[in-house]
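Chemist: Below: one structure in structure tokens.
The values are calculated or read from the model by the stated rules, or taken from the named source; none is laboratory data. As the structure is a prediction and not an experimental result, all values here were calculated from the model. Every residue, glycine as well, gets a Cβ built from its backbone with ideal geometry; the counts of neighbours run over all protein chains shown. These area figures cover heavy atoms from the full protein model, side chains too; ligands, DNA and RNA do not enter into them. Shrake-Rupley method; radii C 1.70, N 1.55, O 1.52, S 1.80 Å.
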Amino acid sequence: MPVPNATNGYLSKPDAQTRRLLLVDDAPEIREVARLTLEQAGWNVHTVSDGPAALDALACTEDPFEAVVLDVVMSDMDGPHVLGRMRAAGLPEHVPVVFLTAATRRADHHCLLALGAAGVIAKPFDPRALPRMLELMLAERRSEQERRPPARPLLRRRLRASEGLGGVAGP
């Protein structure tokens with residue numbers, strides 16, 4: 001696998017450990033293109049097609065995700081609702097969420113950022129630019145977090161706590 005670098009437009013992490021990312025989108029072609037591009041940039045990408053599957057993936061993994069890329073409009077549960085359930089279940093703010101959206105209005109992007117997203121990527125996106133956009137958003141979020149006190153510990157068991165709420169317990 002080629003190593004991404006500044007020459008080909010990707011920012012790469014210097015350590016040998018692979019970074020894990022959860023990609024949630026109901027469009028199979030978006031998932032595949034984004035997965036391939038992000039894997040070339042050094043990410044270990046786990047893909048799911050809807051919100052409930054995203055919540056399950058977050059609850060079941062022993063190795064936590066470094067970031068979540070989340071589609072805004074999905075049939076079962078929209079992206080903002082998924083983000084709310086993730087935060088209510090204890091996924092800390094140091095796990096950044098970046099939204100993918102076809103919405104082009106600046107006000108829509110501001111609303112998504114107000115929910116606590118690390119960034120918003122507009123669809124359609126340039127697959128070659130996706131890793132760099134994601135890296136820049138994550139770097140900005142890390143910089144913000146360094147200026148804040150640490151977030152509370154991750155409570156994955158809350159994601160498994162209640163079958164009646166789709167596998168998610170309230171705060």
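Chemist: Give the Rg (one decimal place) followed by the Dmax (whole number) of segment 66-106, computed from C-alpha coordinates and expressed in Å.
Modeler: That works out to 10.7, 31 Å for Rg and Dmax.
Chemist: Now a separate question. Give the ranking of GLU32, GLU140, GLU135 by solvent-accessible surface, highest area first, calculated with a 1.4 Å probe. Walk me through the numbers before you get to the answer.
Modeler: Details: GLU32 80, GLU140 115, GLU135 15 Å².
Accessible-area ranking of GLU32, GLU140, GLU135, largest first: GLU140, GLU32, GLU135.
Chemist: Taking the Cα centre of segment 81-140 as the origin, how large is its charge dipole in debye, to the nearest 20, when only Lys and Arg (+1) and Asp and Glu (-1) carry charge on their Cβ atoms?
Modeler: Dipole size: approximately 180 debye.
Chemist: How big is D, in µm² s⁻¹, for segment 44-118 by Stokes-Einstein at 37 °C and 0.692 mPa s if Rh is the Kirkwood radius over C-alpha pairs?
Modeler: The estimated diffusion coefficient comes to 258 µm²/s.
Chemist: Along the Cα→Cβ direction, 7 angstrom out, place labels at ALA27 and ASP78. What is the inter-label distance in nm?
Modeler: So the two model labels end up 1.7 nm from each other.
Chemist: Ranked by accessible surface with a 1.4 Å probe, highest first, in what order do ASP126, ASP71, ASP76 come?
Modeler: From most accessible down to least: ASP76, ASP126, ASP71.
Chemist: HIS109 accessible area, nearest 10 Å², 1.4 Å probe?
Modeler: Estimated to the nearest 10 Å², HIS109 gives 40 Å².
Chemist: Also, quick follow-up: Provide the net charge surrounding GLU66, with neighbours chosen by a C-beta distance below 9 Å and charges set as Lys +1, Arg +1, Asp -1, Glu -1.
Modeler: Every neighbour counted, the sum reads +2.
Chemist: Tell me the per residue accessible area of segment 65-117 using a 1.4 Å probe; a whole number in Å² is fine.
Modeler: 42
Chemist: Rolling a 1.4 angstrom probe over the protein chains, ignoring ligands and nucleic acids, what is the accessible area of THR18 in square angstrom, nearest 10?
Modeler: Counting only protein heavy atoms, THR18 exposes about 80 Å² to solvent.
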